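These notes are about the structure you will find just below.
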Amino acid sequence: MIKLEHVSMKFNLGIEKEFSIKQAFVNFFSFNKPKKKKEEFWALKDVSFSVKKGEVVGLIGSNGAGKSTLLKVVSGVMKPTKGKVTVNGVISPMIELGAGFDSELTARENIFLNGAILGYSKEFLESKFEEIVEFSELRDFLDVPVKNFSSGMTAKLAFSIATIVNPEILIVDEILSVGDIKFQEKSKKKMLEMIKGGTTVLYVSHSLESIKQLCDRVIWLEHGKIVKIGDTDKICKEYYDSQMKK
C-alpha cells in the first residue's frame with residue numbers, strides 16, 4: 001500500500017538573496033565580512049519501510065525527528081530529494097487541519113471550499129452537510145467568519161470535513177489532540193471506526209497512549225533516520241526510556 005525506498009529529504013537553510021538591491025547594498029559595505037554559507041539540512045536520511053493494506057503504523061520521535069516531513073513526502077506534498085515513494089490508493093492527508101480555509105469566509109462557506117479542495121463535489125457536500133455540522137458541534141457558529149474561531153474550533157471543523165468518507169489511506173499528524181476532551185474522544189472513536197473499516201493509517205503523535213491504542217507497528221525516527229521498527233509496546237517502552245534518560 002505504501003512503500004518508501006531509501007528516501008532522503010534536504011532543505012537549504014540560510015541562503016542569502018544576492019539578487020536584491022537591499023542585499024547588494026549590504027554586501028557592498030560588508031566586503032570584509034565572510035559570506036554566509038549555504039547550510040544543508042537533511043530532514044530525512046535513507047528512510048525505507050512499507051505499510052501493508054489495512055495496517056496502522058505509528059511514527060514516534062522527538063521534535064525535529066522528521067515525522068511531519070515524512071508524512072508530507074508520503075502525501076505527495078513534498079518530493080523527496082533522493083529515493084522512491086510508492087503509494088497504491090487514494091490518500092486523505094490530515095496534516096495541517098484548516099490549511100485550506102479562507103479566514104474571511106464563514107464556517108458554512110468553508111465547508112464547501114475545503115471540501116472542494118479535498119475533491120468532494122458540491123452535491124456530495126450538500127448531502128453530508130448536516131453530518132459535518134453535527135459532528136463538529138459548531139451549529140451555532142455556521143455563519144461566523146473562521147477568522148473569529150479559536151484554533152480548536154477550526155480544527156474541529158476541518159476534522160469533520162476530512163472524515164466524512166472512509167479513505168483508503170489516512171495520513172494523520174497529531175489531530176487527536178484537537179478541541180476539548182469530549183471532541184478528542186469523538187475523534188478517536190471516528191479513527192477507530194475508519195481503522196475497523198480497513199483504512200490504512202500512518203499516524204504521528206507524541207501521545208504514546210494513543211499510539212499504543214491504535215497502532216499495529218511503530219517506526220521510531222530520530223534526526224531523520226529510522227532508529228527501530230517493530231512491536232508497538234516494545235518500541236514505545238524503549239523510546240520512553242530513552243527520553244527519560246536525557
Seminar exercise, completed: Simple spin-label estimate for Lys234/Phe124, 7 Å along Cα→Cβ, in nm, reads 4.0
Exercise. What relative contact order, as a whole-number percentage, does the range 98-166 give when Cα pairs under 8 Å and 6 or more residues apart are counted?
Worked result: 46
Problem set entry | Full-stretch length increase - Lys79, Ser62 - with 0.36 nm per residue and alpha-carbon distance subtracted | 3.8 nm
Seminar exercise, completed: Expressed in angstrom and rounded, the centroid-to-centroid distance over alpha carbons for the range 132-148 and the range 182-229 is 27
Seminar exercise, completed: For the chain, percent of DSSP beta bridges that are antiparallel (nearest 5) comes out at 55
Exercise. Mind checking the dipole of the range 98-166: about its Cα centre, +1 per Lys or Arg Cβ, -1 per Asp or Glu Cβ, Debye to the nearest 20?
Worked result: 180
Seminar exercise, completed: Residue span Gln213 to Asp180: 0.36 nm per residue of separation minus Cα-Cα distance leaves a gain in nm of 9.9 nm
Exercise. Is any helix in the chain, taking whole DSSP H runs, at least 24 angstrom long along its axis by alpha carbon and on average at least 1.6 on the Kyte-Doolittle scale, and which ones?
Worked result: none
Exercise. About its Cα centre, how strong a charge dipole does the chain have in debye, to the nearest 20, once Lys and Arg get +1 and Asp and Glu get -1 at the Cβ?
Worked result: 1280
For this session: Given a cut-off of 22 Å, name the pairs among Lys52/Lys84; Lys10/Lys246; Lys3/Lys237; Lys10/Lys72 whose C-alpha atoms lie farther apart than that in the structure shown.
Result: Lys10/Lys246; Lys3/Lys237
For this session: Of the listed values (1) 1.47; (2) 1.17; (3) 1.05, grab the one calculated as Cα Rg over 2.2 N^0.38 Å from the structure here.
Result: (2)
Seminar exercise, completed: Given 81-91, 183-193, 66-76, the highest-first ranking by average Cβ count within 10 Å works out to 66-76, 183-193, 81-91
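Each reported figure results from applying straightforward, stated rules to the coordinates on display, with no laboratory input. Note that the coordinates shown come from a computational prediction; the quantities given were computed from them, not determined experimentally. Cβ coordinates were reconstructed from backbone atoms using ideal geometry, including for glycine residues, and neighbour counts include every protein chain displayed.
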